[in-house]
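The values are calculated or read from the model by the stated rules, or taken from the named source; none is laboratory data. For clarity, every value in this text was computed on a predicted model and none was experimentally measured. A quick note on method: Cβ atoms are made from the backbone with ideal geometry, for glycine too, and the neighbour counts reach across all protein chains shown. These area figures cover heavy atoms from the full protein model, side chains too; ligands, DNA and RNA do not enter into them. Shrake-Rupley method; radii C 1.70, N 1.55, O 1.52, S 1.80 Å.
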Amino acid sequence: MPTYSLTVNGRARTVEAPADMPLLWVLRDRLQLFGTKYGCGIGACGACTVHVNGQAVRSCSLPVAAVAAARITTIEGLSRDGAHPAQQAWIEEDVAQCGFCQPGMIMEAAALLRARPQPTDGEIDGAFASHICRCGTYNRLRAAVHRAAELGGKR
Amino acid sequence: MPVSRREFIAAGASAAGLWLGVRVPELAAAAPIATFDPNVFVSIAPNDVVTVWVIRLEMGQGVRTLLPMIIAEELGADLARVHVEQASPGGRFRTVRLHTSGSSSSSDTYRQLRIAGAAAREMLVAAAAAHWKVDAATCRVELGAVIHGPTNRRRTFGQLATAAATLPVPRTPTLKDPATFTVLGRPTRRTDGRKIVTGRAQYGLDVKWRGMLYASIVRSPTLGATLKGFDAKAALRVPGVRHVIAVNSGVHHGVAVLASDTWTAMKGRARLHVEWEPGAGAGFDSAEFLRGMPQRWDGKLYPIRDEGDATAELARSATRLEATYEFPFQAHAPLETMNCTAHVRETDAEVWVPTQSDVRTLKQAALASGLPEDRIRAHHALMGGGFGRRLFADYVAEAVQLSAKLKVPVQVLWTREDDMRNGYFQPATMERFRAGIDAGGRLQALAHQTTTSELTIYDLHDGRNIWTAPPKPPRADNAIASGGSPWGAFDNPYTVPHLRVDCADATSPVPVGPWRAVEYPSTVFGRESFLDEIAVATGKDPIALRLELLPRDVKLVGTQRIDRARLAASLEAVRERAGWGTPFARERDGRLWGRGVACSVYHTGSYIAMVAELSVARDLSDVRVHRIVAAVDCGIPLNPLGVEGQVESGIAWGLSATLLGKVDFVNGAAVQGSFRDFRVLTIDQMPKVETHILPSQAAPRGFGEHPVPMVAPAVANAVFAACGKRVRSLPITAEGMRRA
Ligand code: FES
Ligand code: FES
């Protein structure tokens, strides 16, 4: 089985995994980074969203071989103890219900805010169009993205 | 057996009798001696840490916030500093059931937890008074401390814990006057918000036990198919695949591939060759099933309501209306798919599981392992959505069986496709209504024919399975109505001189279970759509018509007391808040606009009226819901922020079923299998939601389900107002509108 040297949340990690194993399962089953969630496995829900070189990507659809040289950030590495403006705003707006979709949502928000520090509603719709929250927290989520922008979302 | 609402309340009551003075030996031994541990719900340590044990299971409805709020209120603790713990069955909680269903958490626990908090408060006050040698009546509590009013002396709960622990537990402590509440009624954020946003909240899969294997299971491809045989050779050749084993949950036969990680298990599974023997449901076709549904009303009918003589009145009515409404099969599709982690050893077992039911979890685990229930330790993980699906524990049976066979920890994960196709479904149902209207345009007779599907409790835990169980014995004539079912048909709140409701059985080979709001979504869709049709036929305003049919009284149906004044008040409130009477341009931005209303009671305790505002494309190619206004009376609103969240959540859930998703069966198999073909609402489709919580002194009523049923009829009625198309079958699609 091939070995990969990954940079996850600023730390060098070595994992043995088949080349086609999606990053999602490397994070969860090999590295015990459980914050990144499985919701569909086919890029249709967004629960598995992480950052690869600062871009929000679906880790369920990205083989580990493709990210060997990349910088990977998961929800656990987004900030120290929830200090990122998106995390702060999420708490302030009390977004989460079951919470299962929220790590993916927050990673998407963080990437969006870096690219568009003051996103419009249309840009928010675009960024989150293929994220599913079965609990329907969308209105608070939208409010939280705007709130995070106020708190200084470009980081 | 499902836990009935009545049994459930009885369990709560007996728990309430036992909590006083409960001390569990092993726990007491483990805890520091001085901890004040007056009952099973709360303990206070000398370092001022107040721990509240949550005796319901969290799936997003907010029990980990609300239940601690109730205790903190009566105790006088600082909620911000309360440490919240999830209760697990057994040990300290062996007399408490955690089973969480029917939006009953707050209504069932409200009194029980208030008494628990108040008793602890009185003991702390007594300890302080004794310490200062003053009259307890001169002391008060404030944010985790007792204060002696006249001298302003102060001792924290922690300082008092050791002394309080030696005092007798008061049996009838004095509860606070709700008018003086400072915690309850205040919008309060969830207690575990930080854990969730940092990815530290623990859900089902978020454990890895030493030596654990990961399982992926291929299950019956058609309803009730049984396993004939399988060839595991190719699967076992995948590096990392360890075992291939047959498994049986009572609902599905399956073949499990166990491997060193999830991905490898899935890869191995894809290489399995399995032979199936088709079962009784092999040819099932949902479209045909729905087409044949009206014939069921020609057969055996169960009487639900009979007031006046609807048949005779209909025969002589000046005007008669008739319409039939259809509700399809639905999947729950919680974002977290079913899963369970189990470790069965020689004499005991442990399961880690996101579930709504400790009761079914333990039964399934016991049957699948052969161990007695008290040798099984269940850890209740946070649920990534429940919605009724997690009241069943078929996934527990799978994990426990596999672990029992292999003697290593096993984690079973259902893929999204498994979850969509092999789960329990909301049954497809139909509602037929007939109205008799007199020459003066008054509704004189209403006949409602509804359908119900028996819940499929084919878990291993009741000793039956879906392939071999003999048909259930016929139900007694009053079996349905005596349980207050079908919800929404039995408790139809309107006053009609001649009312008749009958129910036909519509059980199919599809495993069905409760889906958010259970029977209300179908019955209320039909009932509230039909009222709109009556309003149109009689030239009345739909809200005015409803108010006409809702005298400001309490209607007694069976043992249920439906407070029609509260329902009328929510209609009046929504009329005003939605601007119902104000001019509304029907054509704007090249689209056709409409408003629609619907209302309903939920188990006598909560009342909602809803107005949907939407637009339809001129060519009927789409519907966009822009705004939903809800007026809500759920009794004393314990956490308004939670209530608003549940309204939004219920609306999103309802809109998914109204406009997007459904499940069809063809040749005995579910057609839809992922979020690509079973569509659910996304952010761009979410309307603006305005929630108005009406002040109320009535007992609080839980709220997780109630907002769902009004959504479909409010939207269908608004679609009619916009474009004149009456869609009587869900979901409302472009094709459905064009056909109407
Ligand atoms: S799990 Fe990756 S998008 Fe759904
Ligand atoms: S909060 Fe439950 S899926 Fe989004």
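For the range A:85-150, what is the accessible area per residue in Å² when the probe is 1.4 Å? Intermediate results must be reported in sequence, preceding the final value.
Working: 1800 Å² over 66 residues.
Heavy-atom SASA per residue in the range A:85-150 reads 27 Å².
Taking +1 at the Cβ of each Lys and Arg and -1 at the Cβ of each Asp and Glu, which of B:V719, B:A699, B:S674 sits farthest along the dipole of the range B:647-740 towards its positive end, judged by Cα position relative to the Cα centre?
The residue sitting most towards the positive pole is B:V719.
At what distance in angstrom do the alpha carbon centres of the range A:83-155 and the range B:577-648 lie from each other?
Here the answer is 25 Å between Cα centres.
Taking each residue in B:248-261, count the Cβ atoms of any other chain within 10 Å of its Cβ, then average. What number comes out? Show your work: numbers first, answer last.
Numbers: counts 0, 0, 0, 0, 0, 0, 0, 0, 0, 0, 0, 1, 4, 8.
If you average over the peptide's residues, the count of other-chain Cβ atoms is 1.
Picking from B:T361, B:F490, B:A120, whose Cα lies most toward the positive end of the charge dipole for chain B (charges on Cβ: Lys, Arg +1; Asp, Glu -1)?
So the residue furthest toward the plus end is B:A120.
Hey, what number do you get for chain B at 222 nm if only DSSP H runs of n ≥ 4 count, each worth -39500 (n - 2.57), divided across all residues, to the nearest 500?
Working: 19 runs with 206 residues, N = 740.
Helix-only estimate at 222 nm: -8500 deg cm²/dmol.
Give me the dipole magnitude in Debye, nearest 20, for the range A:15-150 about the Cα centre, with unit charges on the beta carbon: positive for Lys and Arg, negative for Asp and Glu. Kindly include the intermediate steps, with their values, before the conclusion.
Values: 12 positive and 13 negative charges, 27 e Å.
Taking the Cα centre of the range A:15-150 as origin, the dipole is about 140 debye.
Using a simple charge model, +1 on the beta-carbon of Lys and Arg, -1 on the beta-carbon of Asp and Glu, nothing else, what dipole does chain B show about its Cα centre, in debye to the nearest 20? Mind dumping the intermediate values first?
Details: 87 positive and 74 negative charges, 224 e Å.
So the magnitude is around 1080 debye.
With a 1.4 Å probe and every protein chain kept in, tell me what percent of the accessible surface of the protein assembly as shown is carbon plus sulfur.
Numbers: 16390 of 31710 Å².
Roughly 52 percent, rounded to a whole number.
Classify the protein assembly as shown as rounded, prolate or oblate, taking a ≥ b ≥ c as the square roots of the eigenvalues of its Cα gyration tensor: rounded when a/c is under 1.5, otherwise prolate if a/b is larger than b/c and oblate if not.
On the way: a/c = 1.39, a/b = 1.11, b/c = 1.26.
In terms of gyration-tensor shape, rounded.
By per-residue mean of other Cβ atoms within 10 Å, what is the highest-first order of B:253-266, A:47-60? Don't skip to the answer; put the middle values down first.
Details: B:253-266: 24.2, A:47-60: 22.1.
Averaged packing, sorted descending, gives the order B:253-266, A:47-60.
Estimate for me the total accessible surface buried between chains A and B (protein heavy atoms, probe 1.4 Å, no ligands or nucleic acids), in Å² to the nearest 100. Kindly include the intermediate steps, with their values, before the conclusion.
Details: alone 7690 and 28740 Å², together 31710 Å².
The buried area between A and B, both sides summed, comes to about 4700 Å².
How many angstrom lie between the C-alpha centres of the range B:194-231 and the range B:39-76?
The two parts, judged by their Cα centres, are 31 Å apart.
Among the aspartates and glutamates, select those whose C-alpha is under 14 Å from the C-alpha of B:K228, and discard any that sit fewer than 8 residues away in the same chain.
Once the sequence-local aspartates and glutamates are set aside, what remains near B:K228 is B:E275, B:E277.
Quick one: length gained pulling B:H626 to B:T495 fully straight, 0.36 nm per residue minus the C-alpha distance? Walk me through the numbers before you get to the answer.
Details: separation 131, 0.36 × 131 = 47.16 nm, distance 3.24 nm.
Full-extension gain reported as 43.9 nm.
Starting from the 7 Å offset along Cα-to-Cβ, what nm value, one decimal, do you get for the label separation of B:R171 and B:T507?
Rounded to a tenth, the inter-label distance reads 4.6 nm.
With only Lys, Arg, Asp and Glu charged, each at its Cβ (+1 for the first two, -1 for the last two), find how big the charge dipole of the protein assembly as shown is about the Cα centre; round to the nearest 20 debye.
Numbers: 103 positive and 87 negative charges, 283 e Å.
Using Cβ point charges on Lys, Arg, Asp and Glu, the protein assembly as shown gives about 1360 debye.
With every protein chain left in place and a probe of 1.4 Å, what is the accessible surface of B:D477, to the nearest 10 Å²?
Surface open to solvent at B:D477 totals about 80 Å².
Let's test the formula: R0 of 45 Å, r as the Cβ-Cβ distance of B:W209 and B:A698. What FRET efficiency results, to the nearest 0.05? Provide the component values of the computation, followed by the final result.
Numbers: r = 47 Å, r/R0 = 1.04.
Working from the Cβ atoms, E equals 0.45.
Using 0.36 nm times the number of residues separating B:R81 and B:Q202, minus their current alpha carbon distance, what extension gain do you get?
Working: separation 121, 0.36 × 121 = 43.56 nm, distance 2.08 nm.
Once the chain is fully extended between B:R81 and B:Q202, it gains 41.5 nm.
Tell me, what is the FRET efficiency for B:A585 and B:R442 to the nearest 0.05, using R0 = 35 angstrom and their Cβ-Cβ distance as r? Don't jump to the answer; show the numbers that get you there.
Details: r = 32 Å, r/R0 = 0.92.
Step by step, r from the Cβ atoms, then E = 0.60.
Which of the trypsin sites (Lys or Arg not before Pro) found in the range B:560-611 are in a DSSP loop and have at most 14 neighbouring Cβ atoms, other than their own, within 10 Å? Provide the component values of the computation, followed by the final result.
Details: sites: B:R561, B:R564, B:R566, B:R575, B:R577, B:R586, B:R588, B:R591, B:R595; in loops: B:R586.
In loop regions of the range B:560-611 (DSSP not H, G, I, E or B), the sparsely surrounded trypsin sites (Lys or Arg not before Pro) are B:R586.
Between B:A479 and B:R345, what FRET efficiency comes out of the Förster formula 1/(1 + (r/R0)^6) with R0 = 41 Å and r the beta carbon distance, rounded to 0.05?
Numbers: r = 43 Å, r/R0 = 1.04.
Working from the Cβ atoms, E equals 0.45.
If ligands, DNA and RNA are left out, what is the accessible area of B:K195 with a 1.4 Å probe, given in Å² to the nearest 10?
For B:K195, the solvent-accessible surface is approximately 100 Å².
Classify chain B: rounded, prolate or oblate, from the alpha-carbon gyration tensor (a ≥ b ≥ c, eigenvalue square roots; a/c under 1.5 rounded; otherwise prolate if a/b is larger than b/c)? Numbers along the way, then the final one.
Values: a/c = 1.90, a/b = 1.15, b/c = 1.66.
Oblate, because a/c is 1.5 or more while a/b does not exceed b/c.
Once each part is reduced to its C-alpha centroid, what is the distance from the range B:351-398 to the range B:701-740 in angstrom?
36
If you count only protein heavy atoms and use a 1.4 Å probe, how large is the accessible surface of B:V197, to the nearest 10 Å²?
0
For the range B:289-325, which trypsin sites (Lys or Arg not before Pro) pass both filters: DSSP loop (anything but H, G, I, E, B) and at most 15 other C-beta atoms within 10 Å?
Details: sites: B:R291, B:R296, B:K300, B:R305, B:R316, B:R320; in loops: B:K300.
Listed in order of number, the matching sites are B:K300.
Give the angle, between 0 and 90 degrees and rounded to the nearest 10, that separates the Cα long axis of helix A:102-115 from the longest principal axis of the Cα atoms of chain A.
80
Sorted by accessible area (1.4 Å probe), largest first, how do B:I44, B:I115 line up? Before the final figure, lay out the partial values.
On the way: B:I44 0, B:I115 35 Å².
Correct descending sequence by accessible area is B:I115, B:I44.
With unit charges on the beta carbon (Lys/Arg positive, Asp/Glu negative), name the residue among B:A333, B:T166, B:G90 whose Cα is farthest towards the positive pole of the charge dipole of chain B.
B:T166
Place a point 7 Å from the Cα of B:D231 along the Cα-to-Cβ direction; which residues of the range B:266-299 have their backbone N under 20 Å from it?
Zone members listed by number: B:267-278.
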